[in-house]
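Take a look at the structure below.
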Amino acid sequence: MTFRAIDQRTGGEQHVKSSPPWLQVTPHGIKLRVRVVPGSSQSSIADTTTTELRIRIAAPPVDGKANQELQKFLAKIFRVRRSAVTIVNGASARVKSIEIAGDAASLTARAHTL
């Protein structure tokens, strides 16, 4: 299933696939439901088929290091500034809600390539 999204920069239409359960479009970008697995050998996307986007993080869950690495990793994946990635809920939990500010159409399209 696809839907139309308007690119705010160009005003053109993009056809985008229906969103996975861990992705939600917001007025300011997108919101992700993420399950974090800290202490991995390297940061990577582990699973996109469940209700949460599962991400392995190469940092220990000590003193917020895993959260900082998660923000840095997601900023790199979605090609945004690190300040555009915000942990909304679950800062001390494995399941987190993450907001990424930016053009919703391009962020959604990027999420579908994961």
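Bear in mind that the values in this text are calculations on the coordinates, not laboratory data. Predicted model only: the values in this text are computed from it and were never measured. As a convention, Cβ positions derive from the backbone with ideal geometry for all residues, glycine included, and neighbour counts pool all protein chains shown.
Neighbours of GLU69, meaning other residues whose beta-carbon lies under 12 angstrom from its beta-carbon, give a summed charge of +4 when Lys and Arg score +1 and Asp and Glu score -1.
Summary of packing: across the peptides 41-53, 24-36, the per-residue average of other C-beta atoms within 10 Å ranks them, highest first, as 24-36, 41-53. Amide H contacts of VAL37: ILE55, ARG56, ILE57, each under 5 Å away and 5 or more positions distant or on a separate chain (H built 1.01 Å from N in the peptide plane; Pro and chain starts excluded).
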